[in-house]
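The values are calculated or read from the model by the stated rules, or taken from the named source; none is laboratory data. Given the structure is predicted, the values throughout are model-derived calculations rather than measurements. Cβ placement follows ideal geometry from the backbone for every residue including glycine, while neighbour counts extend to all protein chains displayed.
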Amino acid sequence: MRKTVYTKSKGLTDIPTHYCPGCSHGIIHKLVAETLEEMDLLGNTVGVAPVGCAVLAYEYFNVDMVEAPHGRAPAVATGLIRALPDRTVFTYQGDGDLAAIGTAETVHAAARGENIVIIFVNNAIYGMTGGQVAPTSLIGQVTQTSPYGRKENHEGFPIRMCELLSTLNGVCYAERVAVNNVPAIKKAKKAIQKAFDNQVNKRGFSIVEVLSSCPTNWGMSPVDAMKWVDENMVPYYPLGCFKDKTAGKEA
Amino acid sequence: MGKGAERVLMKGNEALAEAAIQAGCRHFFGYPITPQTELSAYMSRQMPKVGGIYLQAESEIAAINMVLGAASAGLRVMTSSSSPGISLKTEGISYLAGSDLPCLIVDIMRAGPGLGGIQPAQGDYNQVTKAPGHGDFHILVFAPSSVQEMVDLVFLAFDRAEEYRVPAMILGDGLLGQMMEPLVFPERKEEGRKKPWATTGHQNSRPKNIVNSLYLKANLLEEKNRERQQRYEKIIENEQRSEEYLTEDAEIVVVAYGASARIARSAVNSAREKGIKAGLFRPITLWPYPKKALGALGEKVKQFLCVEMSMGQMVDDVKLSTSCKVPVAFFGRCGGIIPTPQEVLAEIEKLAGR
Amino acid sequence: MKSKDCNMIFAGFGGQGILFSGKVMAYAGLIDDKEVSWLPSYGPEMRGGTANCSVCISDEPVGSPLVVAPDVLVVMNKPSYDKFIDSVVPGGKVFVDSSLVELTGEKRKDIEIYELPATKLSNEEHLEGIANMILLGKMADKVGIVPMEAVLKAVEKCVPARKAHLLEHNKRAIELGANYAD
């Protein structure tokens, strides 16, 4: 007798994603979609897609979606939540989008304490355009546009967004998670749930930074990419909660 | 203009803001810049009183993208700025156009290029009528020349923007924004247009909506652009607006819009007093340009004189509208200097051989 | 000056109520069913420097709201007097707060210049800070483009609610100016 052991979340459409093999976006999409479904938010949510690898997220999430200009997702989300204060509004952004071209929008949406969720996917590289150095690329990291490795006296230092944002009074919750092993994925899911719970309860700005892998542009196998997250990213980008107003945790 | 007790005296910038509120706009996102200042200030005072939102963004770029967000929700939303700020907003305007979102953008022009100056100018003409951002698109551009007309055109701009699903712009300048004039607010009439495309949450009762300007398949993008082009053709057919003054028997017709048209009108009156058959053609829409009316006028006049607070950006449109059949002279001031009626009169007299 | 229209410049230092005077006059024109416009100078000069505004009152729609050749000039400081005096049309009228502006050199003969110690009067009559209204009263009386009742009604429109207690002061200042002997 056959029985169903797994069903795709209703939070995802049936459109096949375009993500590369071994890319973490699929896992992160799934976690967000499951959370929205479990919290019965699919009908009441408007998501904002970025420019970058996740640009087509507007096709994949089974909620109303707006596709924002590069880096502007937090401003677009601000317009949405101010217009629709009783909806759930979230952005889904990569590191180039959030921490380079959209730094101002990110910081100010956070400072205003906009009641939105930001899912920040940090894979330390520009994926969509073919692997250029990102604001979060690590020192020494070789990319298409840092062929001799990122240098602190040239490109400067990688930005730790969660730490930076957690200093702002408007931020309710800032946590960094990873999705490169099963326990990490479970923790990531909890963080995403908490962020949306904050949003539904109008607690203000929540950001979940997810360390993600990009085997294609890192030039390694998916398995090696998962290891690279632990060996290279986590030491610079420590996992954990940097701010949680609900738990009295301040930066 | 109506006469009597219902007339009020207001600055152009404040009248624009009040008209927008009366037209049902409840969301305003802006960034401080002279000389549109009073518009934002008025919104910040009044919006909370009518249950609306005024939010000062961290940048012009953020402001126009907040407009994009609120417009996606299907609401009447606006922003205002002045020339340098409009340059920054062009990215967002392109996305709004590409996403078929209606909204209202006010440009109270100042002198440029660069930081330029803060005095009135009309140097954004080419930018807003020809290329208000990257890609193949247009926005509706309305050019009021009085405070009353600023009010009237705000209502019209919101309405037409929603009808055609395009961004609309009110193109004013520092003179119109700063001056006070009597005006009468029209009877409030909201069309209450349904927006089934808005992203408000599907409530599990309809297919999901997507507001988007990305089409990775070239044939789909061409199809989308052609569909939008058809709307543009309809706009060109139906929405050209202009005003003519003393043109019936005119031999020399001044073509001017906005503040320049006020000055030109005074000059035309003076020319008539001197026995010169002068008239005024005033475009009210700059896109679509009122080619039909100007073309018809070109069949009967001897000479056009384009008067602008720029270095002649509108001249080509006058020539094209009249198929270059009639000579087009130009007089303009720039840098923030307002031409005087005397200067314009002198140009008319020169053309009349006086 | 044509009887049907009147172009005015009000000028002085920021804080003297120059823009307010112009606004009262524009409102008086509105109340009298005329076409009017009011245009301020704006920009850095507003912040501590000179301030001026153009007011047009006419039976016809106003063309350029920027007055370059005024029929009427109201000035409350010397720099403004020097800046605008030569632009006044022949036959025009000029109103000067003589407590603040000392007219030196030769005066124009083709215009009427009224010198009124408005600031001194305001201090004597416990109308501190509204010398502008005294000067306005004199001007409205002498120019006569709008009836005095319209000017007084206009003040009611222009004094903000939070300053309503100053309304009577403003009216008294206007009347004081209007009745001040030349």
Checklist entry - Do you know which of the residues in the stretch C:13-70 that are assigned to a loop (DSSP other than H, G, I, E, B) and facing another protein chain (nearest Cβ under 7 Å) is nearest to B:Val268 (Cα to Cα)? => result C:Gly63
Next on the checklist: With closer than 29 Å to B:Cys334 by Cβ and more than 17 Å from the chain's Cα centre (by Cα) as the only criterion, which of B:Gln148, B:Gln127, B:Gln119 stands out?
Outcome noted: B:Gln119
Checklist entry - For the subset of the stretch A:19-36 comprising residues that are assigned to a helix (DSSP H, G or I) and among the hydrophobic types (A, V, I, L, M, F, W, C), which member is surrounded by the fewest Cβ atoms within 10 Å (Cβ to Cβ)? => result A:Ile27
Checklist outcome for this item: Only one of C:Leu166, C:Leu100 is surrounded by 19 or more Cβ atoms within 10 Å (Cβ to Cβ) and either of a type outside the set (Val, Ile, Thr) or in contact with a strand residue (DSSP E or B) (Cβ under 6 Å, 6 or more places away or on another chain) (or both), namely C:Leu100
Checklist outcome for this item: Taking the stretch A:220-230 and keeping only residues that are more than 20 Å from the chain's Cα centre (by Cα) and either in contact (Cβ under 8 Å) with a residue 24 or more places away in the chain or assigned to a helix (DSSP H, G or I) (or both), one is left with A:Ser221, A:Val223, A:Asp224
Item to check | Near pairs, Cβ below 7 angstrom, 6+ apart or cross-chain, from the stretch A:236-251 (within 16 Å of A:Ala195 (Cα to Cα)) to any residue that is in a helix (DSSP H, G or I) and acidic (Asp, Glu) | outcome: A:Phe242/A:Glu163
Checklist outcome for this item: Within the stretch B:306-327, of all residues that are among the aliphatic types (A, V, I, L, M) and surrounded by fewer than 22 Cβ atoms within 10 Å (Cβ to Cβ), the one nearest to the other protein chains (Cβ to nearest Cβ) is B:Met311
Next on the checklist: Residues that are of a type in the set (Asp, Glu), touching a helix residue (DSSP H, G or I) at 6+ places or on another chain (Cβ under 6 Å) and away from chain A (no Cβ under 14 Å): list the strands (runs of 3 or more DSSP E) wholly contained in the stretch B:130-206 that include at least 1 such residues.
Outcome noted: B:167-173, B:180-183
Item to check | Residue in the stretch B:229-250 that is surrounded by the fewest Cβ atoms within 10 Å (Cβ to Cβ), counting only those that are β-branched (Val, Ile, Thr) and closer than 18 Å to B:Pro167 by Cβ | outcome: B:Ile236
Checklist entry - For residues in the stretch C:47-92 being surrounded by fewer than 21 Cβ atoms within 10 Å (Cβ to Cβ) and β-branched (Val, Ile, Thr), which is nearest to C:Ser37 (Cα to Cα)? => result C:Val68
Item to check | The one condition in (1) touching a strand residue (DSSP E or B) at 6+ places or on another chain (Cβ under 7 Å); (2) within 24 Å of C:Ser41 (Cβ to Cβ) that B:Phe330 fails to fulfil | outcome: (2)
Checklist entry - Just to be sure, is B:Ser72 under 26 Å from B:Tyr215 (Cβ atoms), within 10 Å of chain A (Cβ to nearest Cβ) and surrounded by fewer than 24 Cβ atoms within 10 Å (Cβ to Cβ)? => result no
Next on the checklist: I'm told A:Gly113 meets every condition in (1) within 11 Å of chain B (Cβ to nearest Cβ); (2) within 18 Å of A:Val208 (Cα to Cα); (3) over 14 Å from the mean Cα position of the chain (by Cα) except one. Can you identify the failing condition by its number?
Outcome noted: (1)
Item to check | Residue satisfying condition, being in a loop (DSSP other than H, G, I, E, B), surrounded by fewer than 24 Cβ atoms within 10 Å (Cβ to Cβ), within 11 Å of chain B (Cβ to nearest Cβ) and not basic (Lys, Arg), within set A:Pro69, A:Pro85, A:Pro16 | outcome: A:Pro85
Next on the checklist: Tell me whether the stretch B:32-50 contains one or more residues that are within 20 Å of the chain's Cα centre (by Cα), surrounded by fewer than 24 Cβ atoms within 10 Å (Cβ to Cβ), on the phi < 0 side of the Ramachandran plot and aliphatic (A, V, I, L, M).
Outcome noted: yes
Checklist entry - Given the conditions (1) part of a loop (DSSP other than H, G, I, E, B); (2) buried (at least 23 other Cβ atoms within 10 Å of the Cβ), which single one is not true for A:Gln93? => result (1)
Next on the checklist: Could you go through the stretch A:37-56 and let me know if any residue there is at the interface with another protein chain (Cβ under 10 Å from one of its Cβ atoms), farther than 20 Å from A:Lys202 by Cβ and surrounded by 24 or more Cβ atoms within 10 Å (Cβ to Cβ).
Outcome noted: yes
Checklist entry - Taking the condition at pLDDT 95 or above and within 11 Å of chain A (Cβ to nearest Cβ), does B:Ile21 pass? => result no
Next on the checklist: Among the residues in the stretch B:213-224, are any within 14 Å of chain A (Cβ to nearest Cβ), in contact (Cβ under 8 Å) with a residue 60 or more places away in the chain and among the hydroxyl-bearing types (Ser, Thr, Tyr)?
Outcome noted: yes
Checklist outcome for this item: In the set B:Met66, B:Met78, the lone residue that is more than 9 Å from every other protein chain (Cβ to nearest Cβ), in contact with a Gly (Cβ under 9 Å, 6 or more places away or on another chain) and within 22 Å of B:Ser213 (Cα to Cα) is B:Met78
